[in-house]
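Below is the structure I would like to discuss, written out as structure tokens.
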Amino acid sequence: MPVYLDYCASAPIDQRVLSEVTRIFMNVYGNADSRTHLFGLQAKETVEKSRRTIAEILGLDKSEIIFTSGATESNNLAILGLLEYGLNIGKKHIITSAIEHKSVLEPMHYLKKKGFELELIYPDSSGRIKVEDVLSRTKKDTLLVSIMHVNNETGVIQPIEPIGEELSKQDILFHVDAAQSFGKLNGILRNTKYNMLSLSGHKIQAPQGIGALALKRKKYKRPPINPLFYGGQQEYGFRPGTLPVPLIAGFAYAALLSEQEKNVWEKNTMAIKEQFLNTIKDLRYVINGDPNYCLPNIINISFLGIDSESVFSALRGDYAFSNGSACTSSNYVPSYVLTAMGLREDIINQALRISWGSNSNVEFKRFIEYIKSI
């Protein structure tokens, strides 16, 4: 089996989490909204315990956590859910960065088609946007600012804390896509002033198909979003449908393990990065994105003179990694993230994204032998 190095796309489920999910599947199979019997009450109790766990990690009340199918749905709900509100109050100016995940950029462009004014913030070659570039563009009719916490292609951490601090002083909603940072940078998330926060389960070794949207209350009111679809009052009316109790329980357990083991995770993932960098020290390469503001389990790297597609083809049987977001990988096009950073075309075409976990058993011998051979 190839060595799996694509944790940014999806991390393998933690075996402890899998055991818990299996236990819930086998024993807690009632509908969480069936209130007339013990099976339903048991399922509801499991959901609410899980909701409370995630809320406590983020320093929120459990009623501020809405379970979704993942960060893509959460991003769509946070952005498209404001359509009617923005039109009604006449605030139609929205801001995001050019390096956001497609699940933010595409809903933003949809709002633009509906008459909203969209401004995109571009980073410099470090992959980091500037706080002043965001704040200088706000105005009286700005409805929403959406900035991701960690970029999914470069691993670069964005300055959401100072942005949130300043936006909190204005009547502007702030949304953060924390798909790549939840479970890794929880301390920053707890200290950031935001209105909406998107979370993903499978990035922290929970099952695929589960995530959440945190809707933080201000003066007892949640952000004024409308649901995207209808058919039930589950999740406070924001997200109808039968709740996937085992997935929710697995998500909460993975989140708890990530919080409890964050120091070990950071130490182990950094050790793997240092091992990799030490192994390639004699090769010609550039790291894409400022390594001083990067998660320890991600590296975006271009080996000079070696096209990334040739590396994928040659090493497919030994390593599993990518050159960007899984949501855009069906047809190869140059990375829009690296393009937005202003990198040269040849650097972009040579870029590889490698990401790993705390317990990854990684050796890069075959990888380095191939790079050296060409």
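Give me the residue from region 119-157 that is under 20 Å from residue 223 (Cα atoms) and open to solvent by 10 Å² or more (accessible area, probe 1.4 Å) and, out of that set, farthest from the chain's Cα centre (by Cα).
Filtering region 119-157 for residues under 20 Å from residue 223 (Cα atoms) gives 138-149.
When the remaining residues are screened for being open to solvent by 10 Å² or more (accessible area, probe 1.4 Å), the result is 138-141.
On the way: 138: 24, 139: 28, 140: 29, 141: 28 Å.
That would be 140.
Considering 20, 73, 48, 56, which residue is closer than 20 Å to residue 229 by Cβ, of a type in the set (D, E, K, R) and in a helix (DSSP H, G or I)? Please lay out each step first, then the result.
Numbers: 20 fails: closer than 20 Å to residue 229 by Cβ; 48 fails: closer than 20 Å to residue 229 by Cβ; 56 fails: closer than 20 Å to residue 229 by Cβ.
From the options 20, 73, 48, 56, the qualifying one is 73.
Looking only at residues in region 271-293 that are outside any helix (DSSP H, G or I) and of a type in the set (A, V, I, L, M, F, W, C), which one is nearest to the chain's Cα centre (by Cα)? Give the derivation first.
Step one: list which residues in region 271-293 are outside any helix (DSSP H, G or I), which gives 280-290.
Within this subset, residues satisfying the condition of being of a type in the set (A, V, I, L, M, F, W, C) are 280, 283, 286-287.
Values: 280: 29, 283: 31, 286: 25, 287: 21 Å.
If we take residues in region 271-293 being outside any helix (DSSP H, G or I) and of a type in the set (A, V, I, L, M, F, W, C), then 287 is nearest to the chain's Cα centre (by Cα).
Still on this structure, please answer the following. Please work out which residue is farthest from residue 321 (Cα to Cα), limiting yourself to region 133-166 and to residues that are among the acidic types (Asp, Glu) and touching a helix residue (DSSP H, G or I) at 6+ places or on another chain (Cβ under 7 Å). Even if it seems obvious, please write down each step before you answer.
The initial filter retains those residues of region 133-166 that are among the acidic types (Asp, Glu), namely 133, 141, 153, 161, 165-166.
When the remaining residues are screened for being touching a helix residue (DSSP H, G or I) at 6+ places or on another chain (Cβ under 7 Å), the result is 153, 161, 166.
Details: 153: 12, 161: 31, 166: 38 Å.
Top of the filtered list is 166.
Let me ask something else. Restricting attention to region 131-150, which residues are outside any strand (DSSP E or B) and touching a strand residue (DSSP E or B) at 6+ places or on another chain (Cβ under 8 Å)?
Kept after step one, since they are outside any strand (DSSP E or B), are these residues of region 131-150: 131-141, 147-149.
Within region 131-150, 133, 134, 137, 138, 139, 141, 147, 148, 149 qualify.
When only residues in region 313-334 that are modelled with pLDDT of 85 or more and assigned to a loop (DSSP other than H, G, I, E, B) count, which is nearest to the chain's Cα centre (by Cα)?
Initially, region 313-334 is screened for residues modelled with pLDDT of 85 or more, giving 313-322, 334.
Pick out the ones that are also assigned to a loop (DSSP other than H, G, I, E, B) and you get 316-318, 321, 334.
Details: 316: 26, 317: 28, 318: 27, 321: 18, 334: 21 Å.
So the residue we want is 321.
Inside region 22-51, can you point out the residues that are open to solvent by 70 Å² or more (accessible area, probe 1.4 Å), free of Cβ contacts under 8 Å to residues at least 12 places away in the same chain and within 22 Å of residue 240 (Cβ to Cβ)? It would help to see each step written out before you state the result.
Within region 22-51, the subset open to solvent by 70 Å² or more (accessible area, probe 1.4 Å) is 23, 25-27, 29, 33, 35-39, 41-42, 44-45, 49.
Still in the running and free of Cβ contacts under 8 Å to residues at least 12 places away in the same chain: 23, 26-27, 35-39, 41, 45.
Across region 22-51, the qualifying residues are 35, 36, 37, 39, 41, 45.
Across region 241-280, which residue is nearest to residue 62 (Cα to Cα) among those that are open to solvent by less than 40 Å² (accessible area, probe 1.4 Å) and among the small types (Gly, Ala, Ser)?
Among residues in region 241-280 that are open to solvent by less than 40 Å² (accessible area, probe 1.4 Å) and among the small types (Gly, Ala, Ser), the one nearest to residue 62 (Cα to Cα) is 252.
For the list (1) out of contact with any Cys (no Cβ under 7 Å at 6 or more places or on another chain); (2) open to solvent by 10 Å² or more (accessible area, probe 1.4 Å), I need the number of the one condition that residue 111 fails.
With (1) out of contact with any Cys (no Cβ under 7 Å at 6 or more places or on another chain); (2) open to solvent by 10 Å² or more (accessible area, probe 1.4 Å) applied to residue 111, the lone miss is (2).
Restricting to region 335-374, name every residue that is modelled with pLDDT under 85, open to solvent by less than 30 Å² (accessible area, probe 1.4 Å) and part of a loop (DSSP other than H, G, I, E, B).
360, 362, 364
The values are calculated or read from the model by the stated rules, or taken from the named source; none is laboratory data. Being a predicted model, the structure only gives us computed values, none of them experimental. Please note: Cβ atoms are built from the backbone with ideal geometry, for glycine as well, and neighbour counts cover all protein chains shown. Note: areas computed on protein heavy atoms with side chains; ligands, DNA, RNA excluded. Shrake-Rupley method; radii C 1.70, N 1.55, O 1.52, S 1.80 Å.
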